[in-house]
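Data block below; observations after.
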Amino acid sequence: LPDAPAMCPLEMRKNTRWGVATASYQVEGGWNLGGRTPSVWDTFSHAGFIKNNDTGDVACDMYHKYPQDFKLMRELGIKHYRFSFSWNRILPQGGKGTPVNPEGIAFYNSLINEMIANNIRPYATIFHWDLPQVLQDKYQGLIGEEFIADFVNYANVLFENFGDRIRDWMTFNEPWVTCVLQYGQGVFAPGIPMGDEGMYKCGHNLLRAHAKTYQLYHKVPQAKLDNVTFADAARGKVGIALNIEYLEPLTEAKEDVAAANYGLEKNLGWFADPLFFGDYPASLKSCAKDVLPSFTAEESKLLKGSLDFLGINFYTGKFAKGSATDKCSVETREQDVNGKDIGPLAESSWLRVVPWSFYKLLKYVQSRYDPKQIIITENGVSAPKEDSMSVQQAIRDDFRVNYYKGYLDYLCKAISEGVKVNTYFAWSFMDNFEWREGYSQRFGINHVDFDSPELTRTTKDSGKFLSKHFFRVGRGGGVGARRPGGRKP
Ligand code: GBH
């Protein structure tokens, strides 16, 4: 195994929290067990929209195998785990006023308790793309205004039931993906293209749902929310996980510099600006003026500052080319002006290995938003051809080891220059259901043998590398050190 990255001194690795991430639909399985109804991803995969006709029906079967998975995490020295709740497992009818599923609550209680018994601190994503199908059918999911109240109600159920043990919450995973791919383009479930208007309506509802959830958790006293029952003052944190690809100007020409900048505002600023500043970026308001809704003064006030930490899912960077005549045009490229690749291609067509782009993105985020705390909520890679290899070949994943080594090097450089990242999650703990790509693209630091009846997990070299230099040496979770906010279960 290689040494630790040069720019990550031991002291810094000790002072930082290092963990792994997954999401409910990608790992749980048990799709029709314990009172769970379908989510939009069950419907979409059962309709045959996934490569090789794969589905998440069983996935990694973490629904049954979580005790052994937490044991493996413990063996690797992992003390921080980011996972997501399945809304339709908790509330099979989805909406406010519908019954909470006791079997769903019991499942997550066992999961969380097992985690904590293994000294692993839970970080919970409330929504990682798996909307209850019933809410899609009722009001088109995130397109409907009703979504806001239903989401806040769902979050409230989670806070009430699990808020005593979970103190780190992320409302949404990658709003950009939800609104662009799930709704705008309709290439992700539910698979109904809603165009730019739908896309921005989705974002608008999502942001307002986030802000109300933040307010609910912290119980801003002057606010009036419908039927809020979360009683105790919460002392944990609520954030969000935003995905962004870094954009480097293709040349020094001013239209390329402007395009890179506008691209970041359009993709990251779309969500980050309202959360930090209370409104959409001026550039987006002008470029999307016919389709972008606007916030009332009250909404804007509620949104501004409605996060305790900023989560960033970071994978890759691209070049941006602008137009001298159209300030709203951003063309992205993977080759420089000499035709040289920006970095080696992973198994995923959108993902090239560009370690320096991580550093540049982090510097950009720190200077534009000056967040109090940044969590890298995801970072990882699919290794080329890994899926066609034997288990023994696949676990020798030099490609992924090099990816992590390079990206962590630049993360450490950013931290040493004052970027406020104190927590980092590798995506993913294990190979899993990679959305439209099914099981054909693997992001795990542990291999899952999907052909074996036991779905055997085997640690890859990347898992050993991270374990040795990061998980084992990093800060612990302080699990059980104090009782955070929330009621006792
Ligand atoms: C993350 O998204 C997800 O949070 C996680 O669930 C997933 O498993 C992981 O990445 C690996 O993919 O279809 O060509 O338009 C990462 C950000 C943004 C990457 C959208 C894929 C789609 C490119 N994703 N992008 S394309």
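In table form, for the structure just shown:
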{"read-out": "Residue satisfying condition, being assigned to a loop (DSSP other than H, G, I, E, B), surrounded by 20 or more Cβ atoms within 10 Å (Cβ to Cβ) and not polar (S, T, N, Q), within set 470, 425, 450, 429", "value": "429"}
{"read-out": "Residues within segment 412-433 that are away from the ligand (no atom under 11 Å from the Cβ), in contact with a strand residue (DSSP E or B) (Cβ under 7 Å, 6 or more places away or on another chain) and not aliphatic (A, V, I, L, M), tallied", "value": "5"}
{"read-out": "Residues within segment 87-124 that are touching a Gly at 6+ places or on another chain (Cβ under 9 Å) and within 16 Å of the ligand (Cβ to nearest atom), tallied", "value": "2"}
{"read-out": "Residue in segment 70-86 that is surrounded by fewer than 19 Cβ atoms within 10 Å (Cβ to Cβ) and under 30 Å from residue 417 (Cβ atoms) present", "value": "yes"}
{"read-out": "Set 237, 224, 212, 219: member being under 20 Å from the mean Cα position of the chain (by Cα), away from the ligand (no atom under 16 Å from the Cβ), of a type in the set (Lys, Arg) and modelled with pLDDT under 95", "value": "237"}
{"read-out": "Those residues of segment 151-186 which are within 16 Å of the ligand (Cβ to nearest atom), buried (at least 21 other Cβ atoms within 10 Å of the Cβ) and not hydrophobic (A, V, I, L, M, F, W, C), in sequence order", "value": "171, 173, 174, 175, 178, 182, 183, 184"}
{"read-out": "Meets criteria (over 29 Å from residue 410 (Cα atoms) and among the hydrophobic types (A, V, I, L, M, F, W, C)) for residue 100", "value": "yes"}
{"read-out": "In segment 134-149, the residues that are over 17 Å from residue 84 (Cβ atoms) and assigned to a helix (DSSP H, G or I)", "value": "134, 136, 137, 138, 139, 143, 146, 147, 148, 149"}
{"read-out": "Test for residue 251: is it of a type in the set (Ser, Thr, Tyr), modelled with pLDDT under 95 and either surrounded by fewer than 22 Cβ atoms within 10 Å (Cβ to Cβ) or in contact with a Pro (Cβ under 7 Å, 6 or more places away or on another chain) (or both)", "value": "no"}
{"read-out": "Scan of segment 41-92 for residues that are of a type in the set (Val, Ile, Thr) and farther than 30 Å from residue 18 by Cβ, ordered by number", "value": "43, 50, 55"}
{"read-out": "Unique residue being out of contact with any strand residue (DSSP E or B) (no Cβ under 9 Å at 6 or more places or on another chain), modelled with pLDDT of 95 or more and not small (Gly, Ala, Ser) when the list is 332, 296, 316", "value": "296"}
{"read-out": "Test: residue 436 is within 13 Å of the ligand (Cβ to nearest atom), surrounded by fewer than 20 Cβ atoms within 10 Å (Cβ to Cβ) and of a type in the set (D, E, K, R)", "value": "yes"}
{"read-out": "Yes/no for residue 189 being at pLDDT 95 or above, under 28 Å from residue 122 (Cα atoms), surrounded by fewer than 20 Cβ atoms within 10 Å (Cβ to Cβ) and among the hydrophobic types (A, V, I, L, M, F, W, C)", "value": "no"}
{"read-out": "Scope segment 92-110; condition in contact with a helix residue (DSSP H, G or I) (Cβ under 6 Å, 6 or more places away or on another chain) and either crowded, with 21+ Cβ neighbours inside 10 Å or modelled with pLDDT under 95 (or both); matching residues", "value": "94, 104"}
{"read-out": "Unmet requirement for residue 326, which otherwise passes all of (1) of a type in the set (D, E, K, R); (2) part of a loop (DSSP other than H, G, I, E, B); (3) touching a residue at least 24 places away in the same chain (Cβ under 8 Å)", "value": "(3)"}
{"read-out": "Residue tally, condition part of a strand (DSSP E or B) and of a type in the set (Asp, Glu), over segment 162-183", "value": "1"}
{"read-out": "Some residue of segment 169-182 being more than 25 Å from residue 135 (Cβ to Cβ), among the aromatic types (Phe, Trp, Tyr) and at pLDDT 95 or above", "value": "no"}
{"read-out": "Exclusive hit being within 16 Å of the ligand (Cβ to nearest atom) and among the aliphatic types (A, V, I, L, M), set 361, 307, 292, 284", "value": "361"}
{"read-out": "From 365, 419, residue being out of contact with any Cys (no Cβ under 8 Å at 6 or more places or on another chain) and not in a loop (DSSP other than H, G, I, E, B)", "value": "365"}
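Every residue, every condition in (1) within 20 Å of the chain's Cα centre (by Cα); (2) among the β-branched types (Val, Ile, Thr); (3) more than 28 Å from residue 314 (Cβ to Cβ), yes or no:
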position	(1), (2), (3)
114	no, no, yes
128	yes, no, no
132	yes, no, yes
141	yes, no, no
144	no, no, yes
150	no, no, yes
208	yes, no, no
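Each row is one residue, and each column tells you yes or no for (1) among the basic types (Lys, Arg); (2) within 14 Å of the ligand (Cβ to nearest atom).
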residue	(1), (2)
317	no, yes
340	yes, no
345	no, yes
352	yes, yes
368	yes, no
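The values are calculated or read from the model by the stated rules, or taken from the named source; none is laboratory data. Given the structure is predicted, the values throughout are model-derived calculations rather than measurements. Note: ideal-geometry Cβ built from the backbone for every residue, glycine included; neighbour counts use all protein chains shown.
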